[in-house]
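The values are calculated or read from the model by the stated rules, or taken from the named source; none is laboratory data. Since this is a predicted model, take the numbers as computed values, not measurements. Reconstructed Cβ throughout: ideal geometry from the backbone, glycine too, with neighbour counts over all protein chains shown. For accessibility, only protein heavy atoms count, side chains too; no ligands or nucleic acids. Shrake-Rupley method; radii C 1.70, N 1.55, O 1.52, S 1.80 Å.
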Protein chains: 6
Amino acid sequence: MSIVTPDIVRPDRAIIEGLRTIGSATAAGELYKLGIKNPHMAGLTTWNKEQSVVGPALTLQWMPKREDMTANHEYADTELQLHRHAMYHTQPGDIIVVDARGDLSAGVFGEMMLTYFKGRGGIGVVIDGCVRDWPHVEPLGLGMWMRGVTPNHGWQHTIMPFAVNVPIACAGVLVMPGDIIIADNDGAIVVPVKLAPELIKKAQEKNEWEEFTRLKLATGGDLRKYYPLNAEAEAEYTAWLAEQKASASPQPAATRPRKRTKKAE
Amino acid sequence: MSIVTPDIVRPDRAIIEGLRTIGSATAAGELYKLGIKNPHMAGLTTWNKEQSVVGPALTLQWMPKREDMTANHEYADTELQLHRHAMYHTQPGDIIVVDARGDLSAGVFGEMMLTYFKGRGGIGVVIDGCVRDWPHVEPLGLGMWMRGVTPNHGWQHTIMPFAVNVPIACAGVLVMPGDIIIADNDGAIVVPVKLAPELIKKAQEKNEWEEFTRLKLATGGDLRKYYPLNAEAEAEYTAWLAEQKASASPQPAATRPRKRTKKAE
Amino acid sequence: MSIVTPDIVRPDRAIIEGLRTIGSATAAGELYKLGIKNPHMAGLTTWNKEQSVVGPALTLQWMPKREDMTANHEYADTELQLHRHAMYHTQPGDIIVVDARGDLSAGVFGEMMLTYFKGRGGIGVVIDGCVRDWPHVEPLGLGMWMRGVTPNHGWQHTIMPFAVNVPIACAGVLVMPGDIIIADNDGAIVVPVKLAPELIKKAQEKNEWEEFTRLKLATGGDLRKYYPLNAEAEAEYTAWLAEQKASASPQPAATRPRKRTKKAE
Amino acid sequence: MSIVTPDIVRPDRAIIEGLRTIGSATAAGELYKLGIKNPHMAGLTTWNKEQSVVGPALTLQWMPKREDMTANHEYADTELQLHRHAMYHTQPGDIIVVDARGDLSAGVFGEMMLTYFKGRGGIGVVIDGCVRDWPHVEPLGLGMWMRGVTPNHGWQHTIMPFAVNVPIACAGVLVMPGDIIIADNDGAIVVPVKLAPELIKKAQEKNEWEEFTRLKLATGGDLRKYYPLNAEAEAEYTAWLAEQKASASPQPAATRPRKRTKKAE
Amino acid sequence: MSIVTPDIVRPDRAIIEGLRTIGSATAAGELYKLGIKNPHMAGLTTWNKEQSVVGPALTLQWMPKREDMTANHEYADTELQLHRHAMYHTQPGDIIVVDARGDLSAGVFGEMMLTYFKGRGGIGVVIDGCVRDWPHVEPLGLGMWMRGVTPNHGWQHTIMPFAVNVPIACAGVLVMPGDIIIADNDGAIVVPVKLAPELIKKAQEKNEWEEFTRLKLATGGDLRKYYPLNAEAEAEYTAWLAEQKASASPQPAATRPRKRTKKAE
Amino acid sequence: MSIVTPDIVRPDRAIIEGLRTIGSATAAGELYKLGIKNPHMAGLTTWNKEQSVVGPALTLQWMPKREDMTANHEYADTELQLHRHAMYHTQPGDIIVVDARGDLSAGVFGEMMLTYFKGRGGIGVVIDGCVRDWPHVEPLGLGMWMRGVTPNHGWQHTIMPFAVNVPIACAGVLVMPGDIIIADNDGAIVVPVKLAPELIKKAQEKNEWEEFTRLKLATGGDLRKYYPLNAEAEAEYTAWLAEQKASASPQPAATRPRKRTKKAE
């Protein structure tokens, strides 16, 4: 028997690049305006801090273990293990998203699988569940969002790998194969691929006065005046902006990691 | 329409200062002796390690979202957003305590709100829920105790800000506006403001033999002998104390961050 | 009244040494082959990263508080507190495992108890619950796996220490007094003491080609070819091995912390 | 000290009467069209089957117990017990809605309180929690929706009555004092009082063909044809209707308890 | 757009008939011997007591609501609602099994859908979630196993119908389209269709002495002697059996509803 | 190997008789006054309504399944199954209390075990978990308080019977072997055997005016006046009492099932 699983359709590189300048918080806020109430896979936290990734989702579905479905625990033929098949589709920039049913006793991937994933150019791992071999997985430096880690392997106890690149529910959010994931220290969200161009456009209407506001608030300025700017603050801002330009150094002054956009807090 | 929310009555500065030398563990133990079974907002963990704060509680209550209560999602007028009003009351040394119903999909404050809070002198944030913008909030260096972080904004999904400086239940503990919060790496507790003077008094009956006990236990001394001191250990302690004084340097030897008091472990 | 609690039977030192070279992930995988489905105390996480311990389990059982069982809250006589009695049995290399019923509001040990535990040679603490005094406990450098920390003491609210060195359920796993605990960054597992010799034997059939596989996967090699090795890869491996030996430096090249064994991921 | 708690504003009797012909399922469906996503206090089930009530909400809030707030456990003066004060406001047709924090160990009312409530004309009790004395409360025949029953009294363990006729969250739904509750075998929902007139209007656009559809579906008719009616089915319906009228008996044929309205299933 | 969903392959009628004489408890015990650890959809309870059904599973999968997937909330075209499509496949004797994600605020079917289901010969409904319209659904007399009831319709709040006759996880158990469901007052279990013939065979090795054992135990007989029968009890049984036959009336003495088989309790 | 498990010490028959006239609600209220905060095994509900039992507790502890502990799944020798041993101790009037860890997939007893239990005079079953064979267990008519029912047998999935007549935690309450259980439609509570005499005494100080109060409240009397009686109401009561006696029939007028005692609601 030979198992064949579908690949995903990856979005244009430009889409990924366009989203790379937007953090998950800005994206979630803009998606809300586009009608998406909850893109956040809540409960999954970053395990390699400061990793920030954007890429298309390979998906892997785990199901409650059923002993008559032998494909998944037939050690004699590793080719029958479906979590390996998810990995075979890896291309540079891919993110693998796994519905492991929130299980804290099943390590859905271990060191070897993730070494291979990284070797193939994979950049992020989002699991409603755990990995194992954390002492050896952590140094790989992949972006990882999950519930925890465990020494158990994946189908040791109550779940088993079941399907590759099918729609999944991951931490309460529907993820379609090929949807785009944005993940950073705030968590991991899904961007429905059709909404990505509009999201990029909206997020680029960036809030130029935001740095001014931040400076003012940080020194005790009134929230009502500076966020958003009222008429008086607009005038101050215009003056400040002129002053900034006058004294600008020729080097780029980029001191913050991301282009910032207006968010409804 | 103009929203007016009540301010809190802040305790005497001396009360806050008196509590500042007591950690949350000592305070919880003493409160127990004063009749309070559970002052700990369990499940909330520190997100900026080594922060340790004491101050009065501004409170903010979130409720399940109800679409007919428009005040909270009327973006046209940010003045109708009640989480902003909680912020307006900030004075130096204040701690904001939020019942966000344990929600992991709602970021009750973001970078701008917390920049303002810090700019006004706020020192601590205790949330039965999450903030958003963590990549930019973390560097503010506020003391923060909460369940997690999320990229979603606060009323994106299932809850909404509802009332300011009313009694709230935060992580299973009743917090009255103006109660005192003590929070450190052990977690955040509430000190009913009326009990604070008695608590300070009790906690100052400090356990002078505790450093001696620690030294003995650390080198294999018998728990039954040294904690608490039995008669034999008392004699050893007296001798040790004399020796300490004889060899004492003129400078204060304060090597531990806090005055320590006896605790029932 | 004098309380006498049983001690545990400790396994041969050789058993402990034999297990020390095996991580929790390898051990869990081998235990699965020996019939144990779930040795992992899921939900408990390491609080002192990079600690890795192996040792016999002292056990301590907490029960729901019942006010007529006075032994545990009779402050006048600390000798009636059963969590102290668990500590009295500490010998060098011991690990204490505590069923604290998953409680997040009870600190089952504090600084003094754990200072004593360390002073007596204890190396690890596994709690389905919390400790208190974390600001002072963390520096002790013990291996610690637990659900959280709290400023409350242990029987302040809803549970009380109840029995020493009896069978307990810790985080969903049965632990018999004297069973062996292996704990590291992946979590804490129980090794039934009778299975330890067989486990050591199996884990020593080490997978000599694993380093070769890792190198290949890390640089994009095909998972199907290199994990496990197919015929073609076996040939490559033989050649690589010969090359390695030819160029070997006289110094040991041990760059990884643990002897690695084959795992079914 | 004398405790004074606010009464509620009760809606016009006509509003209540208008809603009485609408079941909770129809009302929830119509509220959805009016923008309310979730009016259902999920998890609360009927304990006196076949009771069906509509009326204004008295509200009672319980909070986590705090031993320094003595009003609630001062037995000497029952007038300080706030759950009694909620009862004092009872008028004929009232429903009391209680946020008891989902507690399964606190009986928020017992036989005497509920006998009084019934004696005053109260008709329904909705509790995110329990009552006690069920053997004697059940025979009172009140409509009751709750999580369970318990022999404990209300503030025996971890919660205490705290406030009367304030906004509460009951089983995940915001209930304002004076909002209207509709409760039957499907569960209990809240109708924001301002939306009630519109809800009544919409629900009265009743679906006259529904009985015809039911007959057809019950005998194997095609869902696609009869629900909703397609053109062919419309013609059948017109014929059926004519036939019905021709053979109609002079007595009203009302065989179903409620006027039925169109629902989006 | 036209939606086409796959039908299921139904097992031979003889298989269903063979299973009809076996209760869920006997079947679960025999499945355990065939290797299936947990066939029980735990947490779902019978809502129409005394119903007992056996039949093939139509499956329906609900997913977390995502507002960009419009098919499910496009009221203009009910043909895009996938829960209707599941119903279209109904044949006499079918059971519909629904993964509604344990949601207590979504009524996945209402009166009209279930009237149609019954009209088409459907016999059972198993839902990890709720139905609505219970006052009108209960009288239909279908076998129903579920978590609860709600007045809300299905996609009012957080989930939406997503796929028909795909593998689903229902209450922690994998159900393949066409698997056989056995459900009675003990709950609902899944019988993997391939295991059904063996299960029938095993369950028919009926335990003829069981009635004798029951009589003995009911009157104080020793469990060690009569369950299972020891040598002495075997002799008593033989004598009893002879006596029974001697006095047997010509009418069948079938006093119990089901052929009973040996179970390991 | 022969397994010997301890029996319990049963209280004097007079104690049981004395408690039989007190419902669980009155007993819980009185225990609270004696210092016991929470005697109620919350979450367990009656499955045979109107059963009301009082008796000593046999206890049975289940533990997480561990495959190396063979005693519990050795079918060849049923004598190694510990749940049978709990049953062997049954005497008339006994109640068996089981910590089955809240498991909804394990039926800790089935028809045969419970037939034997009833045959031996057992009267009640309290389980933090489930039984199986409910279609045949229900007709036995035992008092049963539990979380649910399941067709699975007890150690089919994740737990196993472990110890007999040891202290257990059942639904959050400590139960010692031989403690007394009172269970009725309100639920099941534990009475520490030492507190039973005092409890009986207190509960007998019966509230003679309670029937008068009930009559008054049921007809709209003021709660403040009649519960408890104020001076004016006392006078009314005295008059009413005199009138009652004057018109009393010679037969006892006991119309309520239980002697009633004053309860703090």
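So if we plug the beta-carbon distance of D:ALA14 and F:ALA235 into 1/(1 + (r/R0)^6) with R0 = 60 Å, what FRET efficiency do we get, rounded to 0.05? Using R0 = 60 Å, I get an efficiency of 0.85. Helices in the protein assembly as shown, meaning DSSP H runs of at least 4 residues, each add -39500 (n - 2.57). Divided by all residues, the mean residue ellipticity at 222 nm is -8000 deg cm²/dmol.
If R0 equals 30 Å, the separation of the Cβ atoms of D:ARG224 and A:ASP7 corresponds to a calculated FRET efficiency of about 0.25. For the peptides C:138-144, C:188-194, B:231-237, residues were scored by their other Cβ atoms within 10 Å and the scores averaged per peptide; the highest-first order is C:188-194, C:138-144, B:231-237. Among residues of chain C, the one whose beta-carbon sits closest to the C-to-A rotation axis is listed with its distance in Å as C:THR45, 7. Taking the empirical scaling 2.2 N^0.38 Å for compact globular proteins as reference, the protein assembly as shown has a Cα radius of gyration ratio of 0.94. Note on the stretch E:1-126: with neighbouring protein chains present and a 1.4 Å probe, carbon and sulfur make up 54 percent of its accessible heavy-atom surface.
Beta bridges assigned by DSSP with both partners in the stretch A:66-182 are antiparallel in approximately 25 percent of cases.
Sorted into 5 angstrom bins from 0, the C-alpha pair distances of the stretch B:108-150 split as 6, 25, 40, 24, 4 percent.
Of the residues making up the stretch E:52-70, those losing 50 Å² or more of accessible area when the isolated chain is joined by the remaining protein chains, with a 1.4 Å probe, are E:MET63, E:PRO64, E:ARG66, E:GLU67, E:ASP68.
Distances between every pair of Cα atoms in the stretch A:1-98, grouped in 5 Å steps from 0 to the bin holding the largest one, split as 2, 10, 15, 18, 18, 13, 10, 7, 5, 1, 0 percent.
Restricting attention to the protein assembly as shown, close to 55% of DSSP beta bridges with both partner residues there are antiparallel. For B:LYS194 and C:GLU67, a Förster radius of 22 Å and the Cβ-Cβ distance give a FRET efficiency of 0.25, rounded to the nearest 0.05. With label points defined 7 Å past Cα in the direction of Cβ, position A:GLY35 shows copy-to-copy spacings of 1.9, 4.7, 5.8, 5.8, 6.5 nm, given to one decimal and shortest first.
The smallest convex shape that holds all Cα atoms of the stretch F:82-169, its convex hull, gives 81 Å³ per residue. Normalised per residue, the accessible area of chain E is 36 Å², obtained with a 1.4 Å probe and no contribution from ligands, DNA or RNA.
Need one number: buried accessible surface between chains A and E, 1.4 Å probe, both sides summed, DNA, RNA and ligands left out, in Å² to 100. Numbers along the way, then the final one.
Numbers: alone 13550 and 13540 Å², together 25210 Å².
About 1900 Å² of accessible surface is lost on pairing.
Across all Cα pairs in the stretch A:10-62, the calculated P(r) in 5 Å bins from zero up to the longest distance comes to 4, 15, 18, 29, 23, 10, 1 percent per bin. Over all distinct Cα-Cα pairs of chain B, the Kirkwood formula returns a hydrodynamic radius of 20.2 Å.
To the nearest 10, the accessible area of D:ASP68 is 30 Å² with a 1.4 Å probe.
Seen against the Cα atoms of chain F and their longest principal axis, helix F:24-33 is set at about 80 degrees. What whole number of Å gives the distance from the Cα centroid of the stretch F:147-214 to the Cα centroid of the stretch A:100-171? That distance is 44 Å. Shielding by partners for peptide C:127-139, expressed as the average number of C-beta atoms from other protein chains within 10 Å of each residue's C-beta, is 5. Counting Cβ atoms of other protein chains within 10 Å of each residue's Cβ and taking the mean over peptide C:167-175 gives 5. Sorted from closest to farthest, the other copies place their C:GLN244 label points 5.6, 5.7, 7.0, 8.4, 9.3 nm away, with each point set 7 Å from Cα along Cα→Cβ.
For label points placed 7 Å from Cα toward Cβ, what is the shortest-first list of nm distances from F:GLN91 to its copies? Counterpart label points of F:GLN91 in the remaining copies fall at 4.2, 6.2, 6.2, 6.9, 7.8 nm.
The stretch D:232-246 and the stretch C:1-41 have Cα centres spaced 78 Å apart.
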